[in-house]
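The values are calculated or read from the model by the stated rules, or taken from the named source; none is laboratory data. Keep in mind that this is a model prediction, so the values were computed, not measured. Quick reminder, even Gly has a Cβ in these numbers, built from the backbone with ideal geometry, and neighbours come from all protein chains shown. Side chains are part of the model used for accessible areas, which takes the heavy atoms of the whole protein and leaves out ligands, DNA and RNA. Shrake-Rupley method; radii C 1.70, N 1.55, O 1.52, S 1.80 Å.
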Amino acid sequence: MADIGTDINRAMQILNSDELIAIPTETVYGLAGNALNENSILKIFQVKDRPFFDPLIVHTNNLERITDYVKYIPDILMEMANALMPGPFTIILEKTKAIPDLVTSGSDKVAFRIPNHPLSLKLLAELSYPLAAPSANPFGYISPTTAKHVQDQLGHKIEYILDGGECAVGLESTIVEWKENKLHVLRKGGITIESLLEYTEEIEILENSSSNPIAPGMLKSHYAPKIPVMISPPLAAIGNYNIERIGVLAFQKTRKVIPLENQLILSKSGDLNEAARNLFAYMRILDSMDIDLIITELFPEIGLGRAINDKLRRAATV
Ligand code: TXA
Ligand code: MG
């Protein structure tokens, strides 16, 4: 199993020998390797069991370093990046040859982000190359928000997990691209649409599907627990299931007919930040229960509620 610790020198040594480690970020843990080295990139796809058509996000510790690897940054993205990075914000830019095609799945554009986590920022500052890092989960499964989540699923495949505690945001980064004078949102995440509107009103939110994986790469079914997930208003659709064997993932309130111990409440006080932070960890807990179905409900379509709903819809299977 992987060692879990906070030793940046050890992390560097492993990365320098083209191997992978898990790194903490404010969104979710990443499975990181040298973004300029094809051997490391190949290992990322292998360890995650990820299809090669799904490109990787590249991480650096400052904006100047991003400019080394891209042709240019549109003014508006520069303004946004200055304000929102480090943070859960990823920008798609035209790449230079320094970024291997394997990273971008053949696209001439690359996704960059600066994670807002002190340990990873320190690591990135010491490395001479940026890190490619998808979420550190097997492809299609729930993203990890603690070192233990990574250990449980990928611990037998990597040597070291840099432990940065529980992820403060708990949802992946918001991915944007400036195209045809519009801000295209390729993935809803930790930066809300409301905050993007402070920079431009020209926003187009792309709802992705599995028929168009290259665009934002977010496949329709994703973040999925192994136990079937159903989005349903309270108790409307549980007819065929044994009440004792149903789990609930709810925003604020429990449901009377279902056993209390099978119900997880994301934020009793209705705080969307708290709900986002708990989302993936609670999905994992429910997925480890001896139940037949997970019922969940949609959140208000505001702020982080939109990104949470997006994850729930992709997790839903019935
Ligand atoms: O918060 C995050 O972004 C986390 C942490 C670890 O930084 N990373 C993450 O990576 O969520 P991943 O691989 O699980 O999701 C990245 C998404 C993919 O679905 C991919 O398709 C999209 O970003 N993406 C990456 N490069 C792209 C590109 N050049 N063009 C379009 N989409 C891209
Ligand atoms: Mg992922």
Tell me, what HN-Hα J-couplings in whole Hz come from the Karplus equation 6.51 cos²θ - 1.76 cosθ + 1.60 at θ = phi - 60° for each residue of the range 278-286, using x for Gly and Pro? 8, 3, 5, 5, 6, 4, 4, 4, 4
Could you tell me the accessible area of residue 272 in Å² (1.4 Å probe, neighbours in place), rounded to the nearest ten? 30 Å²
Out-of-range pairs (alpha-carbon distance over 32 Å; input 122/311; 179/268; 43/95; 48/97; 95/148; 122/157): 179/268; 95/148
Under a point spin-label approximation (7 Å from Cα along Cα-to-Cβ), what is the residue 96-residue 179 distance to one decimal in nm? 2.4 nm
Alpha-carbon centroid distance for the pair the range 187-204 / the range 1-38, whole angstrom: 30 Å
The set of residues whose placed amide H lies less than 5 Å from the amide H of residue 89, leaving out same-chain residues fewer than 5 positions away, is 114, 174
Largest first and to the nearest Å, give the Cα extent of the range 136-206 along each principal axis. 46, 22, 16
Given Cα pairs under 8 Å that are at least 6 residues apart, what percent is the relative contact order of the range 229-315? 37 percent
Taking θ as phi - 60°, what are the ³J(HN,Hα) couplings along the range 262-268 by the Karplus curve (6.51, -1.76, 1.60), each to the nearest whole Hz, with x for Gly and Pro? 9, 10, 10, 9, 6, 7, 4
Return one whole number: the accessible area per residue of the range 229-315 in Å², for a 1.4 Å probe. 45 Å²
Could you pull the accessible area for residue 194 with a 1.4 Å probe, rounded to 10 Å²? 70 Å²
So, R0 is 51 Å and r is the distance between the beta-carbons of residue 201 and residue 122; what FRET efficiency does that work out to, to 0.05? 0.85
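Roughly what % antiparallel, to the nearest 5, for the DSSP beta bridges in the chain?
Rounded to the nearest five, the antiparallel share is 45 percent.
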Considering Cα pairs under 8 angstrom that are at least six residues apart, work out the relative contact order of the chain and quote it in whole percent. 19 percent
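Can you sort 109, 122 by solvent-accessible area, 1.4 Å probe, largest first?
Solvent-accessible surface, decreasing: 122, 109.
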With every protein chain left in place, what is the accessible area of residue 195 in Å² (1.4 Å probe, nearest 10)? 30 Å²
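Given the Cα-Cα distance of residue 39 and residue 290 and 0.36 nm per residue of separation, how much length would full extension add, in nm?
That pair, residue 39 and residue 290, stretches by 86.4 nm at full extension.
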Ordering 301, 274 by the accessible surface of their heavy atoms, 1.4 Å probe, largest first, yields 301, 274
The distance between the Cα centres of the range 279-318 and the range 64-91, in whole Å, is 31 Å
Within the chain, what whole-number % of the accessible surface is contributed by carbon and sulfur, with the 1.4 Å probe and all protein chains included in the calculation? 49 percent
Could you derive backbone 3J(HN,Hα) for the range 24-34 from the dihedral phi with the Karplus parameters 6.51, -1.76 and 1.60 (θ = phi - 60°), listing whole Hz in sequence and x where the residue is Gly or Pro? x, 9, 6, 8, 9, 6, x, 9, 9, x, 4
